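Have a look at the structure below, then the notes.
The values are calculated or read from the model by the stated rules, or taken from the named source; none is laboratory data. Small disclaimer: the values here were computed from a predicted structure and weren't measured. Neighbour counts are summed over all protein chains in view; Cβ atoms, including those assigned to glycine, are modelled from backbone coordinates with ideal geometry. For accessibility, only protein heavy atoms count, side chains too; no ligands or nucleic acids. Shrake-Rupley method; radii C 1.70, N 1.55, O 1.52, S 1.80 Å.
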Amino acid sequence: MTQRSEQVVLDYLSEVGLVLHGRLTARERTTYLADVRSRIDARRAAAPDDDADTVRGILLVFGSPTDLVEREIVGNKLDIEDDELIPPKPRHADRPPPPWRGGPSSGLMGLLEGPGRTEMRVHGHVPRGPGPLRGLILCLRRHPGELVALALLLLTVPWMWGLSFLWVLGVAFIVLSRVWNVHDKWIAIVVPFLGCVTGMALWDGRADFVDQYVQRSLSETGVIGLGLASLVSVAYLYPRVLRSARAAERAAERAAESRPG
């Protein structure tokens with residue numbers, strides 16, 4: 001069992017739990033998730049390897065979380081008259097929670113979250129994702145290495161700074177990452193490389209020798225293509241690391257809530 005493969009299972013079970021809301025009671029959800037987990041673990045034990053790709057193949061057999069719930073939990077809708085499913089509303093339910101629990105923010109955090117977000121929380125319409133700054137802090141706490149890789153790629157965008165060599169270091173962080181899969185890593189590496197080659201091909205200067213052409217085209221137009229393509233890679237990779245960080249945060253919160261005492 002590896003940390004990455006275990007995280008894939010936790011992400012999947014987290015999504016299943018979200019789909020189950022409104023269909024089962026809390027006790028039934030816990031029982032069902034435990035059953036799904038045991039079936040996944042049984043297939044993992046029978047598999048020759050237990051890496052992340054093998055676990056993803058096992059989860060494909062179960063289907064998407066929505067398909068799994070629709071297939072196995074049929075007709076178990078929420079009955080709004082069922083007192084067991086809908087307990088009495090506590091007196092403090094209308095009080096907005098503190099900012100660190102998703103409540104309204106004040107000061108700088110309120111400005112960074114954007115207009116209207118605080119009012120949406122107070123009236124019960126909570127946005128799905130955190131604000132931009134919260135997302136960065138969450139990624140920094142859960143996946144700091146991946147955030148460093150993205151920062152190194154961003155430093156190659158302003159080509160006039162002469163920091164394009166940092167792209168190689170960023171690629172090293174990406175290759176060592178356990179958050180991005182093989183497909184993501186290939187895209188993050190190949191797209192900037194093709195952008196660099198395209199920029200060099202568009203160079204309209206002249207050189208007498210091949211090595212001079214490569215050196216001058218790389219320094220004048222190749223770095224521009226590398227920087228722009230690196231920006232595309234960052235736009236592709238960041239939502240994936242943010243999604244993984246949110247799933248890890250939800251798993252940690254559930255573990256804390258289920259801990260006795």
Hey, got the dipole for segment 182-224? About the Cα centre, +1 on K and R Cβ, -1 on D and E Cβ, debye to the nearest 20? 80
With a 1.4 Å probe and all protein chains in place, put Ile137, Ile189, Ile40 in order of accessible area, largest first. Ile137, Ile189, Ile40
Reported to the nearest 10 Å², Met160 has, with a 1.4 Å probe, an accessible area equal to 130
Given a 1.4 angstrom probe, I'd like the percentage of the accessible area of segment 142-261 that is carbon and sulfur, rounded to a whole number. 68
